[in-house]
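Engineer: I have a structure here, written as structure tokens, and I will follow up with some questions on it.
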Amino acid sequence: MDMAFIHVCVWTLFAFVLTWTVLYITNKKKKTMKLADAVAEERSDDAADVIIVGAGVGGSALAYALAKDGRRVHVIERDMREPERMMGELMQPGGRLMLSKLGLQDCLEEIDAQKSTGMVLYKDMKKSVVSYPVDNNNFPYEPSARTFYNGRFVQRLRHKASSLHNVRLEEGTVKSLIEEKGVIKGVTYRNKAGEETTAFAPLTVVCDGCYSNLRRSLTDKNAKVISYSVGYISKNCRLEEPERLHLIMAKPSYAMLYHISSTDVRCGFEVFPDNIPSISNGEMDTFVKNTIAPQLPLKLRKIFLKGIDEGAHIKTVPNKSMGATLSEKKGVIVLGDAFNMRHPAVASGMMVLLSDILILRRLLQPINNLGDTNKVSEVIKSFYVIRKPMSATANTIGNAFSQVLIASTDEAKEAMRQGCYDYLSSGGFRTSGIMALLGGMNPRPLSLMYHLFSMTLSAIGHLLSPFPSPLRIWHSLRLFGLSIKMLVPHLKAEGVSQMLFPANAAAYRKSYMAATTI
């Protein structure tokens with residue numbers, strides 16, 4: 001056989017094998033690098049540094065804060081219409097301070113927000129007026145709250161965030177997180193046109209509320225439904241003391257009224273899962289008229305019934321509780337009700353959220369490259385510790401206060417309920433101390449524990465009066481046990497050292513005081 005022909009065959013076979021090998025390797029590389037290529041393509045000069053899922057109070061405020069720091073922010077919100085929510089209608093004094101630190105205090109303007117200086121507390125037709133302390137030297141802001149339509153406030157925040165050139169606010173439904181080797185790279189979402197697409201960024205913030213569909217992919221923590229809030233609006237009326245929230249210690253639990261505009265009053269009360277009257281067949285109307293309204297003072301009763309008589313839309317929403325847990329995955333942060341929830345009786349959700357945003361923003365400022373997942377992970381761990389004084393105080397007082405408000409035929413529980421009313425009504429250091437804690441003006445867990453034990457001992461003293469019979473001693477011991485039972489789970493959930501170590505409160509105060517207004 002001719003040697004030249006053999007050489008041609010060998011070289012042809014060699015070229016074929018080499019070509020096939022190169023094509024195979026190239027194709028495999030394309031497949032394995034598909035996600036990385038997509039990320040690289042997305043991370044052009046116009047790509048986002050941060051993706052925020054949800055443009056509610058938290059998502060909008062965070063977008064504004066990060067954008068003012070020079071970050072490019074892509075916010076994806078399921079529904080850009082004005083929300084119609086029953087929650088998030090009261091901004092505590094501490095929340096207003098955080099809002100001002102973020103440069104967003106003007107978002108409470110032009111929405112007919114109402115000033116609130118405290119509350120009027122009612123029990124067994126007795127009345128007590130309690131106010132936020134005006135002489136708190138540790139609180140550098142006006143000691144009053146604001147009540148408003150939540151949707152109006154959210155729209156103001158969205159408008160302010162989207163006014164910045166480096167914020168892209170888009171309507172879309174996030175379906176899932178994009179993950180690679182334990183690191184979140186971005187999100188898959190359906191845009192307004194109905195097209196499924198992806199977005200990539202070094203950092204993703206999940207802030208999509210209490211019904212978050214992304215939380216379960218980041219943590220195994222589940223929210224617990226404690227009870228249900230029922231509410232509606234009585235329009236074109238005015239409370240006798242409009243600058244105060246009116247809280248009635250009724251049965252089965254509390255009822256409340258407060259202005260959310262100059263002419264509209266939010267009316268609400270609490271019911272429990274085993275006894276929720278039907279709205280559709282009129283049972284709820286009957287329950288309001290026959291059970292709740294008769295327990296209210298006459299002037300409040302008229303306003304409370306006005307909305308029912310005029311056919312106001314009644315809403316029922318679950319009251320949830322869920323402790324905060326960090327996700328083990330990198331490149332992602334969870335905030336707001338998707339991260340941590342407590343009973344809404346003390347209206348502290350927005351305040352805790354804004355506090356979290358202020359802390360997180362300050363911790364992220366020194367990091368130029370948010371793609372450095374190790375540095376960002378360290379920041380998230382620090383954030384989790386620094387937030388504790390505010391979050392632990394709000395979580396503990398919220399859930400404890402909600403339990404105390406529940407009516408009971410049990411003598412020990414009722415003594416605790418009466419003790420709470422007496423303590424808040426006593427004036428002086430007791431009243432100002434509790435109101436400072438409720439208002440976020442003194443976020444110190446140690447101070448909260450002092451007042452809770454002081455309230456318990458005061459209730460025990462009343463229970464033993466006029467003389468300590470064996471039955472009264474027994475009920476007193478049970479009351480003390482109930483108090484411990486309310487506190488211990490929170491100590492365990494929040495961390496004993498975080499709640500009891502005074503340096504943490506000092507670090508928290510230093511953190512938000514150091515933050516300058518944007």
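The values are calculated or read from the model by the stated rules, or taken from the named source; none is laboratory data. Keep in mind that what you see is a predicted model, and the values were worked out from it rather than measured. A quick note on method: Cβ atoms are made from the backbone with ideal geometry, for glycine too, and the neighbour counts reach across all protein chains shown. All accessible areas refer to the heavy atoms of the entire protein, side chains included, with ligands and DNA or RNA removed. Shrake-Rupley method; radii C 1.70, N 1.55, O 1.52, S 1.80 Å.
Engineer: For region 200-283, how big is Rg over Rh, using alpha carbon atoms and the Kirkwood form of Rh?
Structural biologist: 1.12
Engineer: Where does the Debye-calculated log10 I(q)/I(0) of region 250-382 sit at q = 0.10, 0.17, 0.18 Å⁻¹, using only Cα point scatterers of equal weight, no solvent?
Structural biologist: Each listed q corresponds, in turn, to -0.53, -0.94, -1.01.
Engineer: Now a separate question. Treating the beta-carbon of each Lys and Arg as +1 and of each Asp and Glu as -1, no other charges, what is the dipole magnitude of the chain about its Cα centre, to the nearest 20 debye?
Structural biologist: Once rounded to the nearest 20, the dipole reads 860 debye.
Engineer: Just to be sure I understand the model, the point goes 7 Å from the Cα along the line to the Cβ. What's the resulting Ser217 to Ser408 distance in nm?
Structural biologist: 4.2 nm
Engineer: So, one more: Take each of the peptides 147-160, 337-350, average the number of other beta-carbon atoms within 10 Å over its residues, and list them starting from the highest.
Structural biologist: Highest-to-lowest ranking by the protection proxy: 337-350, 147-160.
Engineer: Here's a follow-up. What is the distance in Å between the Cα centres of region 214-258 and region 346-399?
Structural biologist: Between the Cα centre of region 214-258 and that of region 346-399, the gap is 25 Å.
Engineer: Further question: Where in region 434-448 does the label zone of Ser426 land, with the point 7 angstrom along Cα→C-beta and an amide N cut-off under 19 Å?
Structural biologist: In region 434-448, the label zone of Ser426 (backbone N under 19 Å from the point 7 Å along Cα→Cβ) covers 434-439, 446-448.
Engineer: Put +1 on the Cβ of each Lys and Arg and -1 on the Cβ of each Asp and Glu in the chain; which of Gln155, Leu245, Gly54 then has its Cα farthest toward the positive end of the dipole?
Structural biologist: Farthest towards the positive pole: Leu245.
Engineer: Another question, if that's okay. When the Karplus curve 6.51 cos²θ - 1.76 cosθ + 1.60 is applied with θ = phi - 60°, which whole-Hz ³J(HN,Hα) does each residue of region 218-226 get, with x for Gly and Pro?
Structural biologist: Per residue, the Karplus-derived 3J(HN,Hα) values read 10, 8, 8, 6, 10, 6, 9, 7, 8 Hz.
Engineer: Now for a separate question. What is the local net charge at Ser377, summed over the other residues whose Cβ is closer than 13 Å to its Cβ (Lys, Arg +1; Asp, Glu -1)?
Structural biologist: Working: positive: Lys329, Lys330, Lys375, Lys381; negative: Glu328, Asp372, Glu378.
Net charge around Ser377: +1.
Engineer: Can you tell me the 0 to 90 degree angle between the C-alpha axis of helix 298-309 and the longest principal axis of the chain, rounded to 10?
Structural biologist: The angle comes out at about 40 degrees.
Engineer: Grab the beta carbon distance between Gln365 and Lys175, set R0 = 41 Å, and tell me the FRET efficiency rounded to 0.05.
Structural biologist: Values: r = 32 Å, r/R0 = 0.77.
According to the calculation, E is roughly 0.85.
Engineer: Related question: Using every Cα-Cα pair within region 147-190, state what percent have a distance larger than 13 Å. Could the numbers behind the result be given before it?
Structural biologist: Working: 656 of 946 pairs.
Roughly 69 percent, once rounded to a whole number.
Engineer: Write down Rg/Rh for region 142-220, rounded to two decimals, with Rg from the C-alpha atoms and Rh from the Kirkwood relation over Cα pairs.
Structural biologist: Using Cα coordinates only, the ratio equals 1.05.
Engineer: I would also like to ask the following. Give me the tail of P(r) for region 370-414 as a percent: Cα-Cα pairs with distance above 12 Å.
Structural biologist: Of all Cα-Cα distances in region 370-414, 71 percent exceed 12 Å.
Engineer: Taking the simple approach of a point 7 Å from Cα along Cα-to-Cβ for both Lys127 and Thr197, what is their distance in nm?
Structural biologist: Calculated label separation equals 5.8 nm.
Engineer: Using only the C-alpha atoms of region 279-332, find the volume of their convex hull and express it per residue in Å³.
Structural biologist: Residue-normalised Cα hull volume stands at 170 Å³.
Engineer: Something else: Using the alpha carbon gyration tensor of the chain, what are the three equivalent-ellipsoid semi-axes (square root of 5 times each eigenvalue), largest first, in whole Å?
Structural biologist: 52, 25, 22
Engineer: Also, I was wondering about something else. Quick one: what are the phi-derived ³J(HN,Hα) couplings along region 83-100, Karplus 6.51/-1.76/1.60 with θ = phi - 60°, whole Hz, x for glycine and proline?
Structural biologist: My calculation for region 83-100 gives x, 10, 10, 9, 9, x, 10, 10, 9, 5, x, x, x, 5, 4, 4, 4, 5 Hz in order.
Engineer: Okay, next question. Between Ile484 and Tyr450, what's the calculated FRET efficiency when r is the beta-carbon distance and R0 is 22 Å? Round to 0.05.
Structural biologist: Numbers: r = 15 Å, r/R0 = 0.68.
Once the sixth-power term is evaluated, E becomes 0.90.
Engineer: Right, here's the next one. Enumerate the amide H contacts of Lys320 below 5 Å, restricted to partners 5 or more residues apart or on another chain; note that Pro and chain-start residues carry no placed amide H.
Structural biologist: Close amide H contacts, sequence-distant or interchain: Ile226.
Engineer: Note down, for region 169-328, the three equivalent ellipsoid semi-axes (square root of 5 times each alpha carbon gyration tensor eigenvalue), biggest first, whole angstrom.
Structural biologist: That gives 41, 18, 15 Å for the three semi-axes.
Engineer: If you count the DSSP beta bridges with both ends in the chain, what percent of them are antiparallel, to the nearest 5? Mind dumping the intermediate values first?
Structural biologist: Numbers: 48 of 70 bridges.
Antiparallel: roughly 70 percent of the beta bridges in the chain.
Engineer: Non-local amide H neighbours of Gly118 (under 5 Å, H modeled in plane, Pro and chain starts lacking H): which ones?
Structural biologist: Under 5 Å from the amide H of Gly118 lie the amide H atoms of Tyr132, Ala145, Leu245, each far enough along the sequence or on another chain.
Engineer: Still on this structure, I have one more. Which peptide among 66-72, 431-437 comes first, and what is the full order, when sorted by highest mean count of other Cβ atoms within 10 Å? Intermediate results must be reported in sequence, preceding the final value.
Structural biologist: Details: 66-72: 18.6, 431-437: 21.7.
Answer by packing, highest mean first, reads 431-437, 66-72.
Engineer: Need one value: the accessible area of Ser234 in square angstrom, 1.4 angstrom probe, rounded to the nearest 10.
Structural biologist: 0 Å²
Engineer: With the contact rule set at Cα under 8 Å and sequence spacing of 6 or more, what percent relative contact order holds for the chain? Don't skip to the answer; put the middle values down first.
Structural biologist: Values: 916 pairs, mean separation 88.6, N = 518.
After rounding, I find 17 percent.
Engineer: Of the accessible area of the chain, with the probe set at 1.4 angstrom, what percent is carbon plus sulfur?
Structural biologist: Heavy-atom surface of the chain belonging to carbon and sulfur, 1.4 Å probe: 55 percent.
Engineer: Could you calculate the FRET efficiency of Val183 with Phe467 from 1/(1 + (r/R0)^6), where r is the beta carbon distance between them and R0 is 51 Å, rounded to 0.05? Intermediate results must be reported in sequence, preceding the final value.
Structural biologist: Details: r = 67 Å, r/R0 = 1.32.
That pair, Val183 with Phe467, gives E of 0.15.
Engineer: May I pose another question? What does region 359-498 give for Rg and for Dmax, in Å, if only its C-alpha atoms count?
Structural biologist: 19.4, 68
Engineer: Can you give the accessible area of Asp264 in Å² (nearest 10), computed on protein heavy atoms with a 1.4 Å probe?
Structural biologist: The accessible area of Asp264 comes to roughly 10 Å².
Engineer: Follow-up question, since we're still on this one. Mind checking the full-extension length gain between Glu142 and Val496? Use 0.36 nm per residue of separation minus the Cα-Cα distance, one decimal, nm.
Structural biologist: 124.2 nm
Engineer: If you don't mind, there's one more thing I want to ask. Run the helix sum for the chain: -39,500 (n - 2.57) per DSSP H stretch of 4+ residues, divided by residue count, reported at 222 nm to the nearest 500 deg cm²/dmol.
Structural biologist: Helix contribution divided over all residues of the chain: -14000 deg cm²/dmol.
Engineer: Can you pull the percent of Cα pairs in region 304-394 with separation above 22 Å? Present the calculation step by step, with values, prior to reporting the outcome.
Structural biologist: On the way: 1701 of 4095 pairs.
For region 304-394, the fraction of Cα-Cα distances above 22 Å is 42 percent.
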